[in-house]
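The values are calculated or read from the model by the stated rules, or taken from the named source; none is laboratory data. This structure is a prediction, so every number in the text was calculated from the model and none was measured. All Cβ positions, glycine included, derive from the backbone under ideal geometry; neighbour counts span all protein chains shown. These accessible areas exclude ligands, DNA and RNA; they are computed on the full protein's heavy atoms, side chains included. Shrake-Rupley method; radii C 1.70, N 1.55, O 1.52, S 1.80 Å.
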Amino acid sequence: MSDNLSAVGVLGTGVVGETIAARLAELGHDVLIGSRTAKSDRVVTFADAAAHGHLLVNATGGLVSIDALTAANTAGALDGKVLIDVSNPLDFSEGFPPKVLATDRESCSERIQAAFPQARVVKALNTMNMALGVNPRSLPATHSTFIAGNDDDAKADVRALLRTLGWGDEEILDLGDLTGARGLELYLTLWLRLMGTVGGPTFNIHVVRD
Ligand SMILES: NC(=O)c1ccc[n+]([C@@H]2O[C@H](COP(=O)([O-])OP(=O)(O)OC[C@H]3O[C@@H](n4cnc5c(N)ncnc54)[C@H](OP(=O)(O)O)[C@@H]3O)[C@@H](O)[C@H]2O)c1
């Protein structure tokens, strides 16, 4: 991972943003969290968090991410940045389980990339509970995580970051360009059902190959 990715802006104050921010801070990153309104020295506006980070994480709901990122993009703060998109297009308006508004024709990540063409969007870490995503060795097994994006250098940076979180290189499967995010978002339908089957959110899949 490039040295200049030590400063991170995590956009989102929900449990996911807090979980990612805490883990990256533990690993020595200089992290600011972005919100619609500044709340403290650590939780600042989306724009200030985006300006701070050389590496950015979109940890907002997939249905509001464009709004959050528009606020973040003051003065072109997303330009050239590696933007890890962990979002999923979940609609909680009718309670739990949420409706998964994913299609095989377009993904949240592609909409974000189209809206902010100067950002280098990489889909990652959207297919498991985030406590597990940022601490994969908490499961006593080999398991799988996925990346997709149009910029190979950005994907290399994200792969390096995943390695620092504890993912093994062979556990990180590159699905190719950002259209790979479609399947990763559609997977939420299966993930939500599996959560009921296994009785909780702390599980993952392992892609086994010959
Ligand atoms: N749960 C998991 O373990 C998990 C794992 C992988 C991926 N994900 C995905 O991670 C993302 C974040 O999930 P979460 O549950 O932590 O967060 P969330 O509660 O869905 O989102 C919180 C953030 O969204 C912002 N927000 C809400 N409405 C907004 C609007 N209309 N315009 C702009 N910003 C708005 C909030 O801003 P304020 O700070 O101003 O309130 C807050 O920063 C989701 O896409 C989720 O599907 C979740």
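Open to solvent by 10 Å² or more (accessible area, probe 1.4 Å), within 12 Å of the ligand (Cβ to nearest atom) and within 26 Å of G80 (Cβ to Cβ): is that true of L101 in this structure? The answer is no for L101. Pick from region 46-56 the residues that are open to solvent by less than 80 Å² (accessible area, probe 1.4 Å) and more than 9 Å from the ligand (Cβ to nearest atom): which of them is nearest to A154 (Cα to Cα)? Looking at residues that are open to solvent by less than 80 Å² (accessible area, probe 1.4 Å) and more than 9 Å from the ligand (Cβ to nearest atom), I get L55. Residue selection: S93 fails the criterion of being over 30 Å from R193 (Cα atoms), out of contact with any strand residue (DSSP E or B) (no Cβ under 7 Å at 6 or more places or on another chain) and assigned to a loop (DSSP other than H, G, I, E, B). Listed by position, the strands (runs of 3 or more DSSP E) contained in region 1-49 that have at least 3 residues being of a type outside the set (A, V, I, L, M) and in contact with a strand residue (DSSP E or B) (Cβ under 6 Å, 6 or more places away or on another chain) are 30-35. Kindly evaluate T37 against the criterion of being within 7 Å of the ligand (Cβ to nearest atom), more than 16 Å from the chain's Cα centre (by Cα) and over 20 Å from Q118 (Cβ atoms). Answer is yes for this residue. Cβ-Cβ below 6 Å, separation at least six or inter-chain, first residue in region 140-153 and farther than 17 Å from D169 by Cβ, second acidic (D, E) and surrounded by 13 or more Cβ atoms within 10 Å (Cβ to Cβ): which pairs? Within 6 Å, the pairs are N150/D177.
Restricting to region 1-34, and then to whatever is of a type outside the set (A, V, I, L, M, F, W, C) and within 11 Å of the ligand (Cβ to nearest atom), can you tell me which residue is nearest to I66 (Cα to Cα)? Per the criteria, the residue is G12. Within the bounds of region 103-117, is there any residue that is free of Cβ contacts under 8 Å to residues at least 40 places away in the same chain and of a type outside the set (S, T, Y)? Scanning region 103-117, I find at least one residue that is free of Cβ contacts under 8 Å to residues at least 40 places away in the same chain and of a type outside the set (S, T, Y), so the answer is yes. When we screen A68, A59 for residues that are touching a Leu at 6+ places or on another chain (Cβ under 7 Å), more than 22 Å from L161 (Cα to Cα) and near the ligand (Cβ under 7 Å from one of its atoms), the only hit is A68.
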